[in-house]
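Student: Encoded as structure tokens, here's the structure I'll be asking about.
A short reminder: the numbers here are calculations on the coordinates, not readings from a lab. A quick note: this is a predicted structure, and the numbers were derived from the prediction, not measured. As a convention, Cβ positions derive from the backbone with ideal geometry for all residues, glycine included, and neighbour counts pool all protein chains shown.
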Amino acid sequence: MISVIGAGPSGCYAAYLLAKTGKPVQIFEEHKEIGHPIQCTGLVTSSIKDIIDLKQDIIINEIDKVRIFSKHEELELKLKNKNLIIDRKKFDNYLADLAVSKGVKIFLNYKFIDKKNNLLKLKYNNEKETIVKTDHLIGADGPLSKVAGSINPKKETKLMTGIQAVVKLKNENHIEFYPSIGTFAWIVPENKEICRIGVASYKNPREEFQKFLKTKNIEQKDITDTQGGLIPIYNPRLKTDKNNTYLLGDAAAQVKATTGGGIIQGLKAAQAMTKSIIEGKDYEKEWRRSIHKDLLLHLRMRKIMDRFKDKDWDLLIRLFKKPKTKSIIENFDRDYPSKFMVKLALTEPRLIYFSRFLL
Ligand SMILES: Cc1cc2nc3c(=O)[nH]c(=O)nc-3n(C[C@H](O)[C@H](O)[C@H](O)COP(=O)(O)OP(=O)(O)OC[C@H]3O[C@@H](n4cnc5c(N)ncnc54)[C@H](O)[C@@H]3O)c2cc1C
């Protein structure tokens, strides 16, 4: 038996892939409902379609215009490939249904407590303790993963906090990105009248978020929903595999440190995990082969950006505005920066200036 903790996208997709090969799989999810509460903007590149077919009603908007703002500069991009805005609740439920269609049993309202040898301790409804036997344990239990704690006793994952509101805000269907507000901030339209607006920050996220809303003249009456959650920063030293216990998705901090996006990386790691369990391969090696290089680049960029002052953002945007660099950025896929970074550095050698922030 394979037990998955967490019915988020990473856990459900891994369960589906494993069950498809005939393995018995069960998922334990602490909430009573899948996809609730939402803690995500749902912005993904269209490369998600290379991984999984999305039902059309999951995609609520498609956008090819992005505006990036520093204090004094603005860059407008027309992306070659549209970004998709997905309905996270529908997306998570779609993946859960796929898993169930292959025979996966999902147990809702079951919280993982700990594992001793091959026995899992769970709590039903936060009260009744249950012991379950398992051969493999997959921790897809998000940024505060309890399973991760059993593999890495010292908590090693650095976290950002993301706060987001769904607001009434007329817009021209472009994504806005503010890399110098909080750790970064965003406005992502659901449609021409409604946006998801948020801030991610290491420090004082609530304060940063309120300040950002104020700059956009958003008042309490414009807000229809508020959401928040933690975003783990990629840590290449985190151990993700020990004694038939594996970590996946946010639980393994498989998240882009520049944007906080982790949906695609969790799905790709689920593919690597399935391959490793089915073919008896090393999971760490498999997922690292698939996503480590790009996650490491995002982490390096994050380390550089964390030391930026306003004048550095202004300079970067001015360099990105040059037609040749702009064209590379418009054509790139941010999930795979390794494919364009060298080209970018060769086209605009002045970008090397920023590498001093790594020292
Ligand atoms: C504000 C915000 C905005 C974001 N925007 C984007 C975005 O636009 N695009 C993008 O790609 N990513 C985004 N992310 C990141 C994205 O949400 C995550 O990378 C993604 O959800 C990871 O999926 P997962 O399945 O690994 O973990 P999760 O989605 O966190 O799922 C983990 C599941 O495990 C369950 N669980 C936790 N502990 C236990 C336990 N002890 N027992 C049982 N169940 C448990 C949880 O209830 C949850 O259902 C955002 C994150 C935040 C916070």
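Student: Can you give the Rg and Dmax of the stretch 145-191 based on its C-alpha atoms, in angstrom?
Tutor: Values for the stretch 145-191 (Cα only, Rg and Dmax): 16.8, 48 Å.
Student: May I pose another question? Evaluate E = 1/(1 + (r/R0)^6) for Lys128 and Ile63, where r is the Cβ-Cβ distance and R0 equals 35 Å; express this FRET efficiency to the nearest 0.05.
Tutor: 0.15
Student: Moving on. In whole Å, largest first, what are the principal axis extents of the Cα atoms in the chain?
Tutor: Projected onto its principal axes, the Cα set of the chain covers 59, 47, 37 Å.
Student: Same structure, new question: My understanding is that a pair violates if its Cα-Cα distance is over 32 Å; which of Lys102/Lys133; Lys275/Lys321; Lys239/Lys322; Lys102/Lys242; Lys111/Lys170 do that in this structure?
Tutor: Beyond 32 Å: Lys275/Lys321; Lys239/Lys322; Lys111/Lys170.
Student: Let me ask something else. Per-residue HN-Hα couplings for the stretch 54-63, Karplus 6.51 cos²θ - 1.76 cosθ + 1.60 at θ = phi - 60°, whole Hz, x for Gly and Pro?
Tutor: Ordered by residue, 3J(HN,Hα) equals 9, 5, 4, 6, 6, 8, 9, 7, 10, 9 Hz.
Student: Divide by every residue of the chain the summed helix terms, -39500 (n - 2.57) for each DSSP H run of at least 4, and state the resulting mean residue ellipticity at 222 nm, rounded to the nearest 500 deg cm²/dmol.
Tutor: -9000 deg cm²/dmol
Student: Would you please calculate the Kirkwood hydrodynamic radius of the stretch 54-150 over all C-alpha pairs and express it in Å, rounded to one decimal?
Tutor: Mean inverse Cα-Cα distance, inverted, gives 17.5 Å.
Student: So for the chain: antiparallel DSSP bridges make up what percent, rounded to the nearest 5?
Tutor: 75 percent
Student: Once every Cα of the stretch 205-359 carries one equal point scatterer and solvent is ignored, give the base-10 log of I(q)/I(0) from the Debye formula at q = 0.10, 0.13, 0.20 Å⁻¹, two decimals.
Tutor: With one equal scatterer per Cα and no solvent, log10 I(q)/I(0) is -0.50, -0.79, -1.22.
Student: Compute the long axis of helix 310-321 from its Cα atoms, compare it with the longest principal axis of the Cα atoms of the chain, and write down the angle in degrees, 0 to 90, nearest 10.
Tutor: The angle comes out near 80 degrees.
Student: How much length is gained on full extension from Tyr336 to Glu219, taking 0.36 nm per residue of separation minus their Cα-Cα distance?
Tutor: Contour length minus Cα-Cα distance gives 38.4 nm.
Student: log10 I(q)/I(0), Debye, Cα-only the stretch 260-330, no solvent, q = 0.14, 0.16, 0.24 Å⁻¹?
Tutor: -0.64, -0.73, -1.04
Student: Here's a follow-up. Would you mind computing Rg(Cα) / (2.2 N^0.38 Å) for the stretch 13-90, counting N as its residues?
Tutor: Dividing the Cα Rg of the stretch 13-90 by 2.2 N^0.38 Å gives 1.49.
Student: Shifting gears a bit: In the structure shown, do any of Lys65/Lys324; Lys78/Lys324; Lys49/Lys168 have a Cα-Cα gap over 24 Å, and if so which?
Tutor: Lys49/Lys168
Student: I want to check the label-to-label distance for Glu73 and Glu193. Put each point 7 Å from Cα in the C-beta direction and report it in nm to one decimal.
Tutor: Inter-label distance under the simple model: 3.8 nm.
Student: Rg to Rh for the stretch 215-290: what is it, with Cα atoms only and Rh by Kirkwood?
Tutor: 1.19
Student: Moving on. Per 5 Å bin, what percent of the C-alpha pairs of the stretch 108-228 does each bin hold, from zero upward?
Tutor: 2, 10, 16, 15, 11, 9, 10, 11, 9, 5, 2, 0
Student: Can you figure out the FRET efficiency of Asn243 with Lys203, using R₀ = 41 Å and their beta-carbon distance, to the nearest 0.05?
Tutor: The calculated FRET efficiency here is 0.65.
Student: Using Cα centres only, tell me the gap between the stretch 219-250 and the stretch 341-355 in whole Å.
Tutor: 31 Å
Student: Also, quick follow-up: Taking θ as phi - 60°, what are the ³J(HN,Hα) couplings along the stretch 138-143 by the Karplus curve (6.51, -1.76, 1.60), each to the nearest whole Hz, with x for Gly and Pro?
Tutor: Running phi through 6.51 cos²θ - 1.76 cosθ + 1.60 with θ = phi - 60° gives 10, x, 10, 9, x, x Hz.
Student: While we're here: How far is helix 293-305 tilted off the main Cα axis of the chain, in degrees rounded to 10, range 0 to 90?
Tutor: 50 degrees
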